[in-house]
Every structure is written in C-alpha cells, then in structure tokens.
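Report on one structure; see the data block that follows.
The values are calculated or read from the model by the stated rules, or taken from the named source; none is laboratory data. These figures come from a predicted structure and were not determined experimentally. Backbone-built Cβ (ideal geometry, glycine too); neighbour counts: all protein chains shown. Remember, those area values only see protein heavy atoms, side chains included, never the ligands or the DNA or RNA. Shrake-Rupley method; radii C 1.70, N 1.55, O 1.52, S 1.80 Å.
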Amino acid sequence: MKAPLKIALLGLVSLLQLTACQTGKRKVNDKTEVYFLHEDINQESFGGLGVEWGTYEDTDKLIEGGWDLVLRHMDHLGAARVRLMTNYDWFCQNFDDKGDYDKSNDTWTYNYTNKYAKNMIDILEYCQTHDIDVAFGAWNVIGNLYGDVWNMMDEVTSDIRWAKISADTLDFLVNKKGFTCIKWFVNSNEPNWLGAPGQSKNFNNTYEKWAQGVRNVRKALDDIGLQKVGIVGGDTTGFVGCEEYLINISKGLKDKVADYGAHLYLSNITIDRGEMRTTIEDLYKRIKKNDKRLGKTIQANIWEAGLIDGKTALDCQTLINTTNYAVRMTDYTLQSLAAGINGICYWDFDDAMHFMYTNNATTPKEWGMFSSLAEASSAKQELRPWYHTTSLLCHLIRKGNKIYTPVLSNDDENGNFRSIGTVSADGTQGGFVAVNAGRKTVTKRFFLADEVKGSDKTYVYIFNENSYRLGDDGYIIPNYVIDKSINNEFKMDIPKSTVVVFSSERL
C-alpha cells in the first residue's frame, strides 16, 4: 500500500468509537455481546497458520536480492507451518529400467546439489531454524509434465518406486540432514483432481491406488525409523474430494494417516453466507463417527486455502490485490477454526514459485502475497493486502493456543459477522479477531474472560479499504494503542467489510 492510505487516527475516531471498562462474566441474550468465556473453548491446542512455500521452479528468474526479500517477508509473516512441495524428477537422475518389465530392479541416482534441491534445502533450513512445522511432498509421479518416461502414470503412487523415492528422500532430509521440522509427508497433490476436459482423472488415479501408495510409503518410512513423519490424509481438493477420500480414510485407512487434510478453494458467496463453517462442521461430525480420535490425537487441516472467484484459465487470481480478498480470507479462517480445523496453509506465498506452461510459454501463477520475479511489475512486487491480514492472524492465533468460539460471536441479524478469541497455553498472550462481512455497520461488545497475564495495553488493528496503516518498513501497524488490559470490555462500531484485531501484544 502507498503512503496516502496510512490514515491518521484522528480521521477514524468519529467513525469507530472504542471504550474500555470492567465487566462481569455473565452472558446475556444480546447480539451485540461477544464474550469469549472458558466454556467456549473449541480447541485446546491450535496447530498453527502458514503458507504454501514450495521449491521454486526457477530461482534464476528472481529480482536481484529476491531471495533476501523472500526471507524478510517470511520473517515478518510469523508462519507456524509451511507446505513444501517439490518434483522428484528435479533431482532423480540416471534412470535405468534394465529393459524389462520388473520395476523392482529399476535403478536411479539422486542429485541433491542442483539449484532445485538447493532451494528446497534452503527453505527447510529456514523452517528448522524458525521452528516451523513442514508438510513435505511431491506434486505427482515422475513424468507427468514431460511424458511418462518412468512408466509410472498408470499405477501413480501405488507404483513401488514411489515409496522407494519418497523414503530415500526423507531419509536424506530427516535422518541425514536433520530436518526434524518435517512433520508430514504429502502422498501426491490432489489425487482426486479431475483434470482438464478430456483428460483422465489425475493421470488414472483412484482412491484405491492412492491408499495403496499410502500403505507402501508408511511401511517404507517405518523401515528407516521415520515413524514420527506422518502422512497427510487426503490432500484432496474441494468438498467432493473430501466426500470421496476423507470419509473412506476414516473407515479403512485411519491407522496409516496423521491427519484429515484437504484443499478448499471456495466461492465468495460460500464465505459471505457463512456456509463454509456449516459444511465443514457436517463433514467433521461424519468423519468423527468413524474416527473418535478426531479433534484429540488426530486433527483436520486445510493444506491449500484460497478463493475461487477471480481465478483465470492460466491459474492466476485476479482479486488478490483487493482488500475484499483479504477480508474474505480472514472470514474463511474464522469459519474454518470455528468448525474445528486445526491448521491452515494459505495458497500461496510468492508468485515466483510456480508457472503455467502453455504453447511453449511460461506464465507465473499469480496467487501470492507478493512477487519476487524480475519480470513482475513494481506493483506486483509490493506486498498485497492479504499479506497484512494473514500476518496479523499468524501472530495472534499461534501454535498451541486455545481457540474460543462463543455462539453469539458468529451471528447477527444478517448472518454476516464472525469472531473468535485466543489465549496462549501459558496465558501470556491473547486477543480476538472479528469480521463484519455485511453491508452495514454493526455494534459489538467484546470481552475475553480468561486472564492474559501481564497485559496492560491493548493493540487494535482495523483493516478495510480505508483504514489499515503501514509503517515505514511497509508492514502493518496498530490503529490504536489503549492503556487497558485485553481483559476489559471493548465496545466498537465495526464498518462493513472490515476486519478488527485486538491483541495483548503488538503483532
């Protein structure tokens, strides 16, 4: 954002009246009251928020100093988890099928020193150093872009070589390189994807083939002592994929997976009407009927999160430069967490990671929070609005925090208001976030009952088209600092299409 949108506080006071006072803990039947009480806890230990930050297809295309820019923005984002996907054929070489049909005696070598592997390792080194949990995996079987040179497409991940390559790679990264930040393995991307018209279903994939691949990989990882690396349960796309894969997993594969994971790209109307929450809640209940561990020792995660309105044929998102995208993605997050989702990775971090290949041309997939590409315009290289809201969420709703979702915090007369509260496990940090997705100003009174120790100031962030403020470093700063504890009652008139964040700490 440019300097003119750094609105002065004086211009906001008449629009947004804030008060602070002590209050009791009794709920009343009043839709202006948003109280986060101890009995409203719906998650005892949150998994964390983060981004897709995968191996770059060509780091040579970055601007000068681009990697330093990437790391600086990641430093400030505060991600707790990262989904890091790569392609095996970037470092698998010298394939020899021995001229027969016996895949068990095929051989190949690994090159972990080329630019692709180096970038992958650079990302993992950052995550290891910064205590970021990683879901690591490969997009699909070898050859899906350049022809079936390994003859793997028919069997996809059930091919015995997939488990061998996966285990060898994780053996190198975890056992030899020490990247214990890798907590999950992704057994191929979106196995239920239908592909383009006339294209076979994700290169002949079926649930049965994918499930056999999971069994093969699980055994291969166990054999090399990597029991602590879990396998993402699904990584499917859309609610249809959840129906096909996640329900089946809960019935017959739950002992082989470490979570229930999906990709959800949803329409604006699904978010605005609050339908995302109710749909996830229904699915969550159905899975839990088959797997009583859900919400306790096994969790549900969204591994790619985004909005579908504005998506182009070249897989770009035309709305990511708008404040409305940022507001809706915040709403998306609140509905997800209220429904029981334990962690989210947003798609995605940097435009420079991925390209669309058409007619011998490459086009960057513009879905990111900024672009580090040399070919990108200066406007695209700047941070987009949804980076700032995501940063606030990552810093406020931290790994291990409790999540509070009171009934009245997710409703108003039009069903356009959502809110959640959060407090760290040690009680030293906390706050709450709310979204008014409606077309009218709403008045709300907030109260976070569980004590946040040492809280003597409250930092208030107001995000909409006119109100969010950026510091000289380009990152978001508070609109208000109130000399009151976060455990006071705060009354606020929240304008339409607005995110508000109250925090015990500067985020």
* Give the residue that is most open to solvent (accessible area, probe 1.4 Å), with candidates limited to residues of the stretch 150-189 that are under 15 Å from Asn140 (Cα atoms), β-branched (Val, Ile, Thr) and part of a helix (DSSP H, G or I). => Ile160
* Unique residue being aliphatic (A, V, I, L, M), touching a helix residue (DSSP H, G or I) at 6+ places or on another chain (Cβ under 9 Å) and either surrounded by 23 or more Cβ atoms within 10 Å (Cβ to Cβ) or at pLDDT 95 or above (or both) when the list is Leu396, Leu383 -> Leu383
* To do: Mind listing whichever residues of the stretch 437-467 are closer than 15 Å to Arg506 by Cα and of a type in the set (Ser, Thr, Tyr)?
  => Ser455, Thr458, Tyr459, Tyr461
* Asked: Just a yes or no: is a residue in the stretch 446-461 more than 26 Å from Tyr325 (Cα to Cα) and touching a Leu at 6+ places or on another chain (Cβ under 6 Å)?
  -> yes
* **Gly66 being at pLDDT 90 or above, out of contact with any Phe, Trp or Tyr (no Cβ under 6 Å at 6 or more places or on another chain) and either small (Gly, Ala, Ser) or within 29 Å of Asn119 (Cβ to Cβ) (or both)** => yes
* Asked: If you take the residues of the stretch 306-338 that are of a type in the set (Gly, Ala, Ser) and either more than 18 Å from the chain's Cα centre (by Cα) or surrounded by fewer than 20 Cβ atoms within 10 Å (Cβ to Cβ) (or both), which of them is modelled with the highest pLDDT?
  -> Gly310
* At least 3 residues that are aromatic (Phe, Trp, Tyr) in each: list the strands (runs of 3 or more DSSP E) lying fully within the stretch 397-507 that qualify. => 458-463
* State the number of residues belonging to the stretch 461-498 that are under 29 Å from His73 (Cα atoms) and touching an Asp or Glu at 6+ places or on another chain (Cβ under 8 Å). => 2
* Asked: Would the stretch 124-134 turn up any residue that is under 22 Å from Ser188 (Cα atoms), part of a helix (DSSP H, G or I) and modelled with pLDDT of 95 or more?
  -> yes
* Asked: For the stretch 50-66, does any single residue satisfy the condition of being within 30 Å of Ser377 (Cβ to Cβ), free of Cβ contacts under 8 Å to residues at least 60 places away in the same chain, over 21 Å from the mean Cα position of the chain (by Cα) and outside any helix (DSSP H, G or I)?
  -> yes
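Quick grid of which residues meet (1) of a type in the set (A, V, I, L, M); (2) buried (at least 21 other Cβ atoms within 10 Å of the Cβ):
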{"site": "Phe46", "(1), (2)": "no, yes"}
{"site": "Trp53", "(1), (2)": "no, yes"}
{"site": "Ile63", "(1), (2)": "yes, no"}
{"site": "Trp67", "(1), (2)": "no, no"}
{"site": "Asp75", "(1), (2)": "no, no"}
{"site": "Ala79", "(1), (2)": "yes, yes"}
{"site": "Met85", "(1), (2)": "yes, yes"}
{"site": "Trp90", "(1), (2)": "no, no"}
* Taking only pairs six or more apart or across chains, which ones have beta-carbon atoms under 9 Å, a first residue in the stretch 71-85 that is closer than 15 Å to Thr390 by Cβ, and a second residue that is among the basic types (Lys, Arg)? -> Gly78/Arg398; Ala80/Arg398; Ala80/Lys399; Arg81/Lys183; Arg81/Lys399
* To do: Please indicate, with yes or no, whether at least one residue in the stretch 358-377 is of a type in the set (Phe, Trp, Tyr), part of a strand (DSSP E or B), farther than 19 Å from Leu337 by Cβ and open to solvent by 10 Å² or more (accessible area, probe 1.4 Å).
  => no
* Taking the condition more than 26 Å from Lys402 (Cβ to Cβ), surrounded by 16 or more Cβ atoms within 10 Å (Cβ to Cβ) and touching a residue at least 12 places away in the same chain (Cβ under 8 Å), does Tyr461 pass? -> no
